[in-house]
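The next block holds one structure in the form of structure tokens; read it before the comments.
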Amino acid sequence: AMSRAGGVGKAMRRSAPTTTSSIRLLEHVNLNVPDRRKAYEFYVNRLGGAVHPNGTLQSQLHVNFGVCQFHLPFAKPVDSGACAVPATDLSVEGVDAVPVVVDEFYGAAQLWDGIIELWVAQGGLSKIEEGEDVCVCASEDEARRVAWRALEARKRGDVEAARACLSDEAREKTSLGGESLVILCPFGNVFVLRSASEHVAEELRELGTHPGNPDTPQSRVIGIAHVHIIAKPGSAKEARAFYDALGATTTLSSEDRSLDVVTGKYQVFSIHDDERAVDHDACETNARAWAYHVCMYVNDEDIDAVRAKIGSAYHNSVRFKVLDSLCAPFQVRARAIAPRFYLEHEIRTLQAPMCPLNV
């Protein structure tokens, strides 16, 4: 069975501040969705996210969790560089009423080939509605083991297979409470929700904010804690050079099969070797099925210096020519992170106007 509980880096097990890395924040993960209303119901109504008023356009929904986001496109815009007028009413009805002017609907959900851990404010876990798509766990390690098994079921079958896996796991639990829970989104992505201490929650809030965030502290999900992805064998060790070149703090497991990269305060990104991973070198052709885009902020002030550091991993995207030309002073893309691991990185400097961090 797929299990990575033992490969999680010490920095994350201790929930250390982890602020020494030159990567300051893994700001968002992109997950295409087939239905914006269902996406809204899950990410906003259930997890407690806030709609980003500037990024929610005719073809996509952007949801804030503190300084982090999930980008949830549901259609290909007429011009990928054009900005439509966002909704003034950010309720589910208001967002759903935004006119859709697009080339085509994606029609399929992207699956992240791994699990994503989220920080939850104190008392927030009890506010997440329970159901067949939730399994309450006594510890973080137990939650990770359950989450990996749910992902394996999802890869073997469909969303219902993963939901049945979580339901079976939940029935076997005797505890009525716990410090973590595993939840399945309507489209099959697997999340671990972890309870943050008051101290951690306060430090996360002090990092900054996004437009659309409430003035009062969020009561449920407040940030991305740990993003795990599996990759073909050898990728963890080979990918280390890319992150080291950026000046990131990295840790390779003793077996060289897992790489932990510090991407922000109380935040880690991990690559785990696994033969069953998606062939990321074919990510352009299977983009509709598999998610392969993240965004990170780095300390560098000079985007040309960042471009030099990423070297051959530099990626000139054909999908975002207009957008990238507008963002050229503060953003660059990388993709070929390792010979068998392609993951599009949108890398921005802290000078980017949309940077949510207090700098």
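The stretch between A328 and D35, if pulled fully straight at 0.36 nm per residue, gains 102.4 nm over its current Cα-Cα span. A 1.4 Å probe, protein heavy atoms only, puts the accessible area of R340 near 100 Å². Cβ-Cβ distance of L252 and R307, R₀ of 25 Å, FRET efficiency by 1/(1 + (r/R0)^6): the value works out to about 0.45. Can you compute the label reach from S167? Point 7 Å from Cα along the Cβ direction, backbone N cut-off under 17 Å, restricted to segment 121-140. Label zone hits: 130-136. The residues packed around F330, meaning those with a beta-carbon under 14 Å from its beta-carbon, carry a net charge of -3 if Lys and Arg are +1 and Asp and Glu are -1. Using a probe radius of 1.4 angstrom, the carbon and sulfur fraction of the accessible surface of the chain is 50%. Note on the chain: GNM, Cα springs under 10 Å; of D300, D215, D279, the largest mean-square fluctuation is that of D215.
Among the helices of the chain (complete DSSP H runs), which have Cα atoms covering no less than 18 Å along the helix axis and a Kyte-Doolittle mean of at least 0.5? Helices passing the filter in the chain: none found. Think of a 1.4 Å ball rolled over the protein heavy atoms: segment 226-359 then has 40 Å² of accessible area per residue.
How large is the Kirkwood hydrodynamic radius of the chain, in angstrom, based on all distinct alpha carbon pairs?
20.4 Å
With the simple model of a label 7 Å out from the Cα in the direction of the Cβ, L350 to A241 spans 2.9 nm. Taking E93, E202 and ordering them by how much accessible surface each has at a 1.4 Å probe, largest first, produces E93, E202. Packing around the peptides 264-274, 341-351, taken as the average count of other Cβ atoms within 10 Å per residue, puts them in this order, highest first: 264-274, 341-351. Rounded to the nearest 500, the 222 nm mean residue ellipticity of the chain from helices alone is -6500 deg cm²/dmol, with -39,500 (n - 2.57) taken per DSSP H run of at least 4 residues. Calculated FRET efficiency, E275 to E93, Cβ-Cβ distance, R0 = 56 Å: about 0.75 to the nearest 0.05.
The values are calculated or read from the model by the stated rules, or taken from the named source; none is laboratory data. Treat the numbers as computed from the prediction; the structure is a model and nothing was measured. So basically every Cβ, Gly included, is an ideal-geometry build from the backbone, and we count neighbours across all protein chains shown. Surface areas here come from the heavy atoms of the whole protein model, side chains and all, with no ligands, DNA or RNA. Shrake-Rupley method; radii C 1.70, N 1.55, O 1.52, S 1.80 Å.
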